[in-house]
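To start, the structure itself, in structure tokens.
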Amino acid sequence: MNTQNVVGSLGYMAPEYLYRGEISTQSDIYSLGLQIIEISTGEKNAPNYDDKCGRKFIEKVQEKWTDEYITSKYQSFGADCLQQLKMCVKIGLQCVEQERKNRPPTVDIVDRLNQ
């Protein structure tokens, strides 16, 4: 489905929606991924007109939030908590894949979060 008028929250819209007006559930997965990343990292996406899809924020998280960084930042966390945090960051990053076909389906996200 295509739309003429793009409406949404700056910094949270999927690229295919923002630039081509293509609407799908995978567009919502993109937005969900950004929210999962924000909650997991405690960092806020600061959207602007130069970065309408939050790509700079996503790239920063990909570079900074490695397993090693998480482990060193949260040394007081137990192994289970660290694993959960790492999983949430990983899920969030998978949800914001540029190619929408590479984003996980909702059922997979829920299953992984419930593990």
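Structure notes:
- Among GLU63, GLU97, GLU22: highest mean-square fluctuation, GNM of the chain, C-alpha pairs under 10 Å: GLU63
- Using a Förster distance of 22 Å, the FRET efficiency for GLU59-ASP111 (Cβ separation, nearest 0.05): 0.20
- Largest GNM mean-square fluctuation among CYS95, CYS53, CYS81, using the chain with Cα springs under 10 Å: CYS81.
- Of the residues MET13, SER27, MET87, the one whose Cα sits farthest toward the positive end of the charge dipole of the chain, with +1 on the Cβ of Lys and Arg and -1 on the Cβ of Asp and Glu, is MET13.
- Pairwise FRET efficiency - THR66 versus ILE23, Cβ, R0 = 41 Å, nearest 0.05: 0.75
- Acute angle (nearest 10 degrees) that the helix 55-64 long axis makes with the longest principal axis of the chain, alpha-carbon atoms: 20
- Ellipsoid semi-axes in whole angstrom, largest first, where each is sqrt(5λ) of the Cα gyration tensor of region 47-115: 23, 18, 8
- C-alpha long axis of helix 25-41 to longest principal axis of the chain, angle in °: 30
- The largest accessible area among ARG112, ARG20 belongs to the first residue in ARG20, ARG112, and the rest follow in falling order (1.4 Å probe, all chains).
- Environment charge at GLU63 (Cβ cut-off 15 Å; Lys +1, Arg +1, Asp -1, Glu -1): +2
- Max mean-square fluctuation residue, GNM over the chain, Cα-Cα springs under 10 Å, options SER72, SER27, SER40: SER72
- Pairs over the 21 Å Cα-Cα cut-off, from the set LYS64/LYS101; LYS60/LYS90; LYS52/LYS86; LYS44/LYS101; LYS52/LYS73; LYS44/LYS86: LYS64/LYS101; LYS52/LYS86; LYS44/LYS101; LYS52/LYS73.
- Binning the alpha carbon pair distances of the chain at 10 angstrom intervals from zero yields the distribution 14, 44, 31, 10, 2, 0, expressed in whole percent.
The values are calculated or read from the model by the stated rules, or taken from the named source; none is laboratory data. These figures come from a predicted structure and were not determined experimentally. When we count neighbours, we look across all protein chains shown, and the Cβ atoms used for this are built from the backbone with ideal geometry, even at glycine. The area values use the complete protein model at the heavy-atom level, side chains included, leaving out ligands, DNA and RNA. Shrake-Rupley method; radii C 1.70, N 1.55, O 1.52, S 1.80 Å.
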